[in-house]
Amino acid sequence: MQRLETDEDLELAVERLIAVEPRFLAVVGRHGMPSLRHADPGLESLLRIVTDQLISLKAGEAIWARLALRFGSFAPGDVLAATHEELRSLGLSGAKARAFQGAARAFSEGHFEGSRNLTEAELQSRLTDIPGIGPWTASIYLLMSGRAADAWPTADLALQVAAQELLALGQRPSIRQMADLGEPWRPYRSAAALLLWQHYRGLRGMPPV
């Protein structure tokens, strides 16, 4: 699996993306180079992504604070020992509580040992085999924790909005349309995602991450 490990890796990927799609140059010009959104690989990072799905940043922070107080370092056994009802009481939806338990079980059974040796497709498949973990969650984990060079979260709303504006599309692209848009950007789609997130934040007057 190719990775974005360093700022130099990202700069090279952005340079090659701009050669294919020159409009990415405007993102760098307006908002600067994006940062690598690295997170440590492991259960805790995956559970944080699950927690933040489809809710505001403020709500995600509040729920995560309660979860962190309860689980500390998020050892798989500790998460598995929690009941579905307890997870719900900490602020998770029923679907997210099931994803927590499924993810903890997968890590406790060693499904992600040696994950650095897997291809992006293999790691994506193992992630989406977990009940409640869909393609968006898997792609975000690949990009942030797997540091994959070609992760492409097509269902991400911010990426869709940013792509619509940058590429002057008539409407916000669908998941399928995002997949099609990203095809020419292989194998640098993670850099494309980072640029589009940077563009989205800039459009809304939000500081860069």
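The values are calculated or read from the model by the stated rules, or taken from the named source; none is laboratory data. These numbers were taken from a predicted model, which means no experiment stands behind them. Note: ideal-geometry Cβ built from the backbone for every residue, glycine included; neighbour counts use all protein chains shown. Areas reflect the complete protein model, heavy atoms only, side chains present, ligands, DNA and RNA absent. Shrake-Rupley method; radii C 1.70, N 1.55, O 1.52, S 1.80 Å.
Tabulated values for the structure
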| item | result |
| --- | --- |
| Alpha-carbon centroids, the range 149-179 and the range 7-39: separation in whole Å | 16 |
| Point-to-point label distance, residue 66-residue 125, nm (Cα→Cβ direction, 7 Å offset) | 3.8 |
| At R0 = 30 Å, FRET efficiency that the Cβ-Cβ distance of residue 157 and residue 6 yields, to 0.05 | 0.55 |
| Descending semi-axes in whole angstrom, ellipsoid equivalent of the range 1-101, from the Cα gyration tensor | 36, 15, 11 |
| Inter-probe distance in nm under a simple model that places probes 7 Å from Cα toward Cβ, at residue 209 and residue 165 | 1.6 |
| Charge tally in the Cβ shell below 15 Å around residue 198, where Lys, Arg are +1 and Asp, Glu are -1, residue 198 excluded | +1 |
| Environment charge of residue 36, counting only residues whose C-beta is closer than 11 Å and scoring Lys/Arg +1, Asp/Glu -1 | -2 |
| Relative compactness, the range 79-121, computed as alpha-carbon Rg over 2.2 N^0.38 Å | 1.40 |
| Rough spin-label spacing in nm, given labels placed 7 Å along Cα→Cβ, for residue 57 and residue 105 | 3.5 |
| Residue-span extension gain [residue 80 to residue 40] - 0.36 nm each, minus C-alpha spacing | 12.3 nm |
| Carbon and sulfur %, accessible surface of the chain computed with the full protein complex present, 1.4 Å | 53 |
| Max mean-square fluctuation residue, GNM over the chain, Cα-Cα springs under 10 Å, options 80, 43, 196 | 80 |
| Accessible area of the chain divided out per residue, in Å², using a probe of 1.4 angstrom | 49 |
| Dipole magnitude of the range 38-185 about its Cα centre (Cβ charges: Lys, Arg +1; Asp, Glu -1), debye to nearest 20 | 400 |
| Total formal charge among the other residues, if their Cβ is under 15 angstrom from that of residue 117, Lys/Arg +1 and Asp/Glu -1 | +1 |
